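For reference, the structure discussed in these notes is given below.
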Amino acid sequence: MDLSTMRTLVRRDLKDEDAATYRWPDTEIDRAIAKAVAELSRYVPDEKKSTIATTAGSSEISISTLTSRVSVDRVEFPVGDSPRSYQRFTLYIDTITLIGGVEGDGTNCYVYWGAMHTLGATSTIPAYLEDVLAQGAAAYALLSEAQYRTDTAGFGGEKADTDYQGWGAGMLKEFKSQLKRFGRGRNLKSSTLFQGDDYE
């Protein structure tokens, strides 16, 4: 999957496949796709694992290098234990604070986190979510068009804006429903108390 292929899927959902009479220019399709990617990433992010050194005598761990971050799910420290040792922690901006009297010792910890998906020449979107993403992008494109037609006072017919609004709202509702289904069990919170035992 790449961006060009995703555009094709979105246009199919929009019934806008005749290149000679496109209703939505590529720039509008791409903007809708980007919005859908951002929303999808909140529920089903690109899952990553990073190795970060702890500081001896400190309970704080900087995660400023983890860019495009949408969630922090687990902190494993010390590493290599069986069963694994997932620590309780709080998160504020780019700093994890281990709680319960746990401090670093200069060795590494593992941070399991979720990143924003990317979609360009290549993609991090799982294949099973591609149609879901296309539906979401189509919904955002329809709602944007509905707003435009409302603002331009009836361009396209008296009911054009409400038709697009209704179509888009229905697709958006289904998109959000699918995201909740596939993202079930994930924490969508980015700055709160995490209980390590929840992930065993």
For region 1-23, name all the residues that are touching a residue at least 24 places away in the same chain (Cβ under 8 Å), in a helix (DSSP H, G or I) and closer than 16 Å to THR118 by Cβ. LEU3, MET6, ARG7
With the requirement that a residue be at pLDDT 70 or above and outside any helix (DSSP H, G or I), what does region 116-161 give you? MET116, HIS117, THR118, LEU119, GLY120, ALA121, THR122, SER123, THR124, ILE125, PRO126
Can you name the condition, by its number, that VAL44 falls short on among (1) under 26 Å from LEU179 (Cβ atoms); (2) surrounded by fewer than 17 Cβ atoms within 10 Å (Cβ to Cβ); (3) touching a residue at least 12 places away in the same chain (Cβ under 8 Å)? (2)
Among the residues of region 87-102, the number that are over 11 Å from VAL75 (Cβ atoms) and either in contact with a Phe, Trp or Tyr (Cβ under 7 Å, 6 or more places away or on another chain) or of a type outside the set (D, E, K, R) (or both) is 5
Residue among LYS35, LYS15 that is out of contact with any Leu (no Cβ under 8 Å at 6 or more places or on another chain) and surrounded by 14 or more Cβ atoms within 10 Å (Cβ to Cβ): LYS35
Does at least one position in region 93-109 carry a residue that is closer than 18 Å to PRO45 by Cα and not in a loop (DSSP other than H, G, I, E, B)? no
Would region 74-89 turn up any residue that is polar (S, T, N, Q) and either in contact with a His (Cβ under 7 Å, 6 or more places away or on another chain) or outside any loop (DSSP other than H, G, I, E, B) (or both)? no
Tally up the residues in region 67-94 that are under 16 Å from THR55 (Cβ atoms), free of Cβ contacts under 8 Å to residues at least 60 places away in the same chain and surrounded by 14 or more Cβ atoms within 10 Å (Cβ to Cβ), please. 2
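The values are calculated or read from the model by the stated rules, or taken from the named source; none is laboratory data. All figures in this text were calculated on a predicted structure; none of them were measured in a lab. FYI the Cβ positions are ideal-geometry reconstructions off the backbone, even for glycines, and counts take in every protein chain you see.
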